[in-house]
1. Kindly indicate the residue of the stretch 112-138 that is surrounded by 16 or more Cβ atoms within 10 Å (Cβ to Cβ) and over 30 Å from Leu256 (Cα atoms) and also modelled with the highest pLDDT among those meeting that condition.
2. Mind telling me which of the residues Arg174, Arg190 ends up being in contact with a Gly (Cβ under 9 Å, 6 or more places away or on another chain) and over 27 Å from Pro131 (Cα atoms)?
3. What's the number of the only condition in (1) over 24 Å from the mean Cα position of the chain (by Cα); (2) open to solvent by less than 40 Å² (accessible area, probe 1.4 Å); (3) in contact (Cβ under 8 Å) with a residue 24 or more places away in the chain that Val253 fails to meet?
4. Do we have any residue at all in the stretch 230-251 that's of a type in the set (Lys, Arg) and part of a helix (DSSP H, G or I)?
5. In the stretch 212-221, is there at least one residue being touching a helix residue (DSSP H, G or I) at 6+ places or on another chain (Cβ under 8 Å), assigned to a helix (DSSP H, G or I) and touching a residue at least 60 places away in the same chain (Cβ under 8 Å)?
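The values are calculated or read from the model by the stated rules, or taken from the named source; none is laboratory data. Computed from a predicted structure; not experimentally measured. Using ideal geometry, Cβ is built from the backbone for each residue, glycine included, and neighbour counts are taken over all protein chains shown. Protein only, heavy atoms only, side chains kept; ligands, DNA and RNA dropped before computing areas. Shrake-Rupley method; radii C 1.70, N 1.55, O 1.52, S 1.80 Å.
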Amino acid sequence: MRGACTVNDLHGMYLHHRLNSSRLVVLLQQWAREDGARAAQAPQQDVAQVLSQWLGTVDAVQLSRALHAIESLPSAGGTAAAPGPALGMAALDRFVQKAQADLTTLLTARAAAPKPLRARADNTPVEMPDPQADADFAAHGPRYLELQRQMDTRLLALRAQVRHAIAKGSPALRQLAALDAVMEQMLSAREQRLWASLPGHLERRLAHRHQTHQQALQARGQADEPPRWRQPGGWLWAFEQDMQALLLAEMQVRLLPITGLQEAAHHEKTGQQE
């Protein structure tokens, strides 16, 4: 039977995912190329390298102190920590999968159909909203921000629940759970700034879709038909697919700490059974 992993071993595996090969970065690079913007030229970097750039000197000192404290957890007080209850990995996996499926359903739900404008006092027929209003990002930005807010709330709760579950496992997993709590607190503000930048990319994507649509009409000498914009194949329909793709890519990156905890727990359990 293998010995238990140290917190540094698990920490290294926890940072193994490659942020720059994530769906989010690939999608944004694709949009930049299609929009004629200069694509990012930075070499691929793994998460450990990215985090090292996010952490300042003071942060690094605080993290170093936290790691030393965490590594002493199993022997705190001069006695070995009592083993926790068996970690039910199958149940934990099902729990995470369901949470992810529920969130995916939320993020890919179709936007509510525009409601007709209020009927006029003279009882003339009710008018439908002007499709031209959908060409403005103001019609889409608030929805993206609200879905981001719901994603943030759900995934923060899920991360805490997974962390609590693995903390019931081996001493090494308890160390990892403590490390994850430190990293979450230390990087939260920086992550929020990253998420806040995404609507700007989406706004540029809307402008690109609209411009491409107009150029295609001019090339064919056709008149525009705004009521068709949201129909399959229309430019607003395509933009809706873009919004869903960006939300799902953001979710994938936000899930990395959670999947990292899961993988570490699987690795630790498998290692102890060898």
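1. Ala135
2. Arg174
3. That leaves (1) as the condition not met.
4. no
5. No: zero hits.
Residues are listed down the side, and each one gets a yes or a no for (1) within 16 Å of Arg159 (Cα to Cα); (2) at pLDDT below 90:
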{"position": "Leu236", "(1), (2)": "no, no"}
{"position": "Met243", "(1), (2)": "no, no"}
{"position": "Arg254", "(1), (2)": "yes, no"}
{"position": "Ala264", "(1), (2)": "yes, yes"}
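Residue by residue, here is whether (1) out of contact with any Lys or Arg (no Cβ under 7 Å at 6 or more places or on another chain); (2) in contact (Cβ under 8 Å) with a residue 24 or more places away in the chain; (3) open to solvent by 50 Å² or more (accessible area, probe 1.4 Å); (4) at positive phi holds:
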{"site": "Gln150", "(1), (2), (3), (4)": "yes, yes, no, no"}
{"site": "Arg154", "(1), (2), (3), (4)": "yes, yes, yes, no"}
{"site": "Ala165", "(1), (2), (3), (4)": "yes, yes, no, no"}
{"site": "Leu176", "(1), (2), (3), (4)": "yes, yes, no, no"}
{"site": "Leu236", "(1), (2), (3), (4)": "no, yes, no, no"}
